[in-house]
Amino acid sequence: MKRFRVGLDSYSLKPLRLSAFEVLDWAAANGAEGVQFSERPCPPAYNGIDRAFLDDLKARAGEKKLYLEWGGAEHIPIDFETGRPKDIASVNRRAAEEARALDARVIRSCSGGLMRWKDGGPATDALLRAAAGSLRSQRPLFKDMGVTLAIETHFEFTTFELLRLLEASGAGPGDGLGICLDTMNLMTMLEDPLPAARRVLPWIVSTHVKDGGLLLEEQGLRSFPVEAGCGVVDLKGIFEALSELDRETTLSLEDHGGSFLIPVFDPRFLARFPDLDAAGFSGLLRLAAGTEARVRSGAAAVMSREEWPAVCEGRVRRGLAAIRGIVEAGAGRNP
């Protein structure tokens, strides 16, 4: 396994209400080597996210020797509230310009939608077509700016569908579009994280390293984040896979409270995952069995979002140490 720089995603520290500069200071003081800003931070002492703010943020990161990755991008040109077309080109241009000013090479995109969980929501195929058409026309911008728009593995597309989207956009790996691999979200989308990561490996340009579990309940499966190193996500296997890439990929810890019910016993819901086969579902049950064992031992538990602020700092510190430990234990070995 090669060595990775280990940092954090700013969302992990959201309960602390830190400024962007304070996030960098916290990261450096707690052993992180970089920060991915999921959300565009709003600096009260500046005139919005202007050049002065970006220059100062870049300088602070340089002083602390921290990598920077940026957010604020979008990949679905549809307003989920109205169903009408949405201009994301201007949003992405702004994010790309900000990232270039920061010398950040990645801008993360996350729709934040839970479309499959809602009856009557936009069809996945329609979202894929719309996203591919919009991103196809924007790829020259990203390449000119020297940034990659990284689509997070969130709750709208599986890795199978992301591959179809990227192919339809006309891109190849390293061609302006890529993937931000959120390791725990893959389970919420009914995918075993390790084979899913391998499936999209050439496209991964950034990460949300998030451990988690799956529990079998009367209504279906429940996915939830846990402290890094305490769940059933094969982080070591994923890091070994990432070692095969011929470019640097950072490991940015994301952690938070909350859980997600996946109503797999509802045939209508399950039909919205046409790529899920028997082997894939069997893998999910294996993860659920492993989670149950961890819950019984006290190593893992569902934590509500309301409980998260009280444990946030300690759990993020321990998570960073756990990820570093996995990397250091594997450094110098071939994946």
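Say the cut-off is 26 Å between C-alpha atoms; which of Lys2/Lys64; Lys86/Lys210; Lys64/Lys143; Lys14/Lys65; Lys58/Lys143 go over it?
Pairs exceeding the cut-off: Lys86/Lys210; Lys64/Lys143.
Rounded if a/c is under 1.5, else prolate if a/b is larger than b/c, else oblate: which is the stretch 185-335, with a ≥ b ≥ c the root eigenvalues of its Cα gyration tensor?
Note, shape of the stretch 185-335 comes out oblate.
Please compute the modelled spin-label separation between Glu306 and Ala331, points set 7 Å along Cα→Cβ, answer in nm with one decimal.
Spacing of the two 7 Å Cα→Cβ label points: 4.3 nm.
Based solely on its DSSP helices, what 222 nm [θ] is calculated for the chain when runs of n ≥ 4 H residues each add -39,500 (n - 2.57) and the sum is averaged over all residues, nearest 500 deg cm²/dmol?
Result for the chain, helices only: -12500 deg cm²/dmol.
With unit charges on the beta carbon (Lys/Arg positive, Asp/Glu negative), name the residue among Pro267, Ala150, Gly174 whose Cα is farthest towards the positive pole of the charge dipole of the chain.
Towards the positive end, the residue furthest out is Gly174.
Taking amide H positions as placed in the peptide plane 1.01 Å from N, state which residues far from Val226 in sequence (5 or more) or on other chains have amide H under 5 Å from it.
Distant-sequence amide H within range of Val226: Asp211, Gly212, Gly213.
In nm, to one decimal, how far is the modelled label at Lys65 from the one at Glu22, with both set 7 Å along Cα→Cβ?
Taking the two extended label points, one gets 2.6 nm.
If you build the Cα gyration tensor of the stretch 1-139 and take the root of 5 times each eigenvalue, what three semi-axes come out, in whole angstrom, biggest first?
Output for the stretch 1-139: semi-axes of 31, 17, 15 Å.
Can you work out the Karplus-derived ³J(HN,Hα) for every residue in the stretch 4-9? Use 6.51 cos²θ - 1.76 cosθ + 1.60 with θ = phi - 60°, whole Hz, and x for glycine or proline.
Listing the rounded values in order: 10, 7, 10, x, 9, 8 Hz.
Please list the non-local residues whose amide H lies under 5 Å from the amide H of Ile78, H modeled 1.01 Å from N, same-chain partners needing a gap of 5 or more.
It is Lys86, by chain and number.
Rounded to whole Hz and in sequence order, give me ³J(HN,Hα) for the stretch 36-50 from the Karplus expression 6.51 cos²θ - 1.76 cosθ + 1.60, θ = phi - 60°, writing x for Gly and Pro.
9, 8, 5, 10, 6, x, 9, x, x, 8, 10, 8, x, 7, 9
Rounded to a whole number, what is D in µm²/s for the stretch 1-42 from Stokes-Einstein with the Kirkwood radius over alpha-carbon pairs (4 °C, 1.567 mPa s)?
The Stokes-Einstein estimate is 121 µm²/s.
Each residue of the stretch 60-68 in order: what ³J(HN,Hα) in whole Hz does its phi give by Karplus 6.51 cos²θ - 1.76 cosθ + 1.60, θ = phi - 60°, with x for Gly and Pro?
The phi angles translate into 5, 4, x, 4, 8, 6, 10, 6, 10 Hz.
Using all alpha carbons of the chain, what is the percent of pairwise distances in each 20 Å bin, ordered from the shortest bin to the longest?
Pair shares across the bins are 32, 61, 7.
Working out 0.36 nm times the residue gap between Asp55 and Arg286, then minus their Cα-Cα distance, what length gain in nm do you get to one decimal?
Separation in residues times 0.36 nm, less the Cα-Cα distance, equals 78.3 nm.
Taking the Cβ-Cβ separation of Arg272 and Asp79 as r and a Förster radius of 30 Å, what is the calculated FRET efficiency to the nearest 0.05?
The formula returns an efficiency of 0.90 here.
Just to verify a number: FRET efficiency for Ala45 and Glu97, C-beta to C-beta distance, R0 = 30 Å, to 0.05?
0.90
When the chain is fully extended, how far beyond the present Cα-Cα distance does Trp117 get from Ser297, taking 0.36 nm per residue of separation?
Taking 0.36 nm per residue and subtracting the Cα distance, the gain is 61.6 nm.
Could the peptides 40-50, 18-28 be put in order, highest first, of the mean number of other beta-carbon atoms found within 10 Å of their residues?
Highest mean packing first, the order is 18-28, 40-50.
If you place +1 on the Cβ of every Lys and Arg and -1 on the Cβ of every Asp and Glu, how big does the dipole about the Cα centre of the chain come out, in debye to the nearest 20?
I would put it at about 400 debye.
Report the Cα centroid-to-centroid distance between the stretch 144-173 and the stretch 1-22 in angstrom, as an integer.
Here the answer is 24 Å between Cα centres.
Taking amide hydrogens as modeled 1.01 Å from N in the peptide plane, which residues meet the under 5 Å criterion relative to Glu69, leaving out close sequence neighbours?
Residues meeting the criterion, in which the H sits 1.01 Å from N, are Val35, Gln36, Phe37.
Using a simple charge model, +1 on the beta-carbon of Lys and Arg, -1 on the beta-carbon of Asp and Glu, nothing else, what dipole does the stretch 1-147 show about its Cα centre, in debye to the nearest 20?
Here the size comes out at about 480 debye.
Read-outs throughout are calculated quantities, based only on the coordinates presented, and are distinct from any laboratory measurement. What you are looking at is a predicted structure, and each value in this text was computed from that prediction instead of being measured. Ideal geometry is used to build each Cβ from the backbone, glycine not excepted, and the neighbour counts take in all protein chains shown.
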